[in-house]
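Reviewing the structure listed below.
The values are calculated or read from the model by the stated rules, or taken from the named source; none is laboratory data. Being a predicted model, the structure only gives us computed values, none of them experimental. When we count neighbours, we look across all protein chains shown, and the Cβ atoms used for this are built from the backbone with ideal geometry, even at glycine. The protein model used for the area step is the full one, side chains on, heavy atoms only, and it has no ligands, DNA or RNA in it. Shrake-Rupley method; radii C 1.70, N 1.55, O 1.52, S 1.80 Å.
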Amino acid sequence: MTLACDLRVAHRDVRFGLPEVKVGIPSVVEAALLYHYVGLSKAKEIILTGELYPVSEFATQGLINRTVEPAQLRAATLELLQSVTACTREVLAAQKGLFETWLNHGLQHGIDTSVDVFAEVLRAPATTESIARYGQSRARS
């Protein structure tokens, strides 16, 4: 489930792995996502051994966005969530869609789609309101 999340916060005692192979079940969707974060060689090791690895082993690989002390897990997660939810639903949906386009299609298609999505989101009333609020908050700073 962790690999399907957009953002991941973990405490230093967390261990990651795909232990399904140990009970005779292949890893499927999560395994297909894993190599994007840890590279093909490490993904094969994790998938084929079924072992659990400390979160510290993935600190520089992009699997975890933030690693915190156990007592800080909830606060760090809520802080990250607050940053994301401060954005409009329209822009978040558009940006998530663009991530998928960039990952699954060629560069030119990604660029063309990005320009179209930008124009569409820019016309949304929520975007106009958000730009105005942002401008007002910057003027007060």
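Here are some notes:
- Cα gyration tensor, the range 1-71 - rounded (a/c under 1.5), prolate or oblate: prolate
- The chain - percent of accessible surface contributed by carbon and sulfur, probe 1.4 Å: 60 percent
- Per-residue SASA remark: S56, around 90 Å² accessible (1.4 Å probe; ligands, DNA and RNA not included).
- Average accessible surface for the chain: 71 Å² per residue, computed with a 1.4 Å probe over protein heavy atoms with every protein chain in place.
- Think of the range 9-141 as a dipole: +1 on every Lys or Arg Cβ, -1 on every Asp or Glu Cβ, centred on the Cα centre; then among V28, N65, V115, N65 lies furthest on the positive end.
- Applied to the range 10-17, the Karplus parametrisation 6.51 cos²θ - 1.76 cosθ + 1.60 on θ = phi - 60° returns per-residue 3J(HN,Hα) values of 9, 8, 4, 8, 5, 10, 10, x Hz, with x for Gly and Pro.
- Only helices enter this figure: runs of n ≥ 4 DSSP H residues, each worth -39500 (n - 2.57), summed and divided by the residues of the chain, yield -18500 deg cm²/dmol at 222 nm to the nearest 500.
- Rg ratio (alpha-carbon, reference 2.2 N^0.38 Å) - the range 41-109: 1.51
- Helix 29-38 vs. the chain, principal-axis angle (Cα, 0 to 90°, nearest 10): 80 degrees
- Mean shadow area of the range 1-132, taken as a quarter of the surface of its Cα convex hull (nm²): 9.9 nm²
- Cut-off 15 Å, label 7 Å out along Cα→Cβ of R66, residues of the range 6-22 by amide N: 6-12
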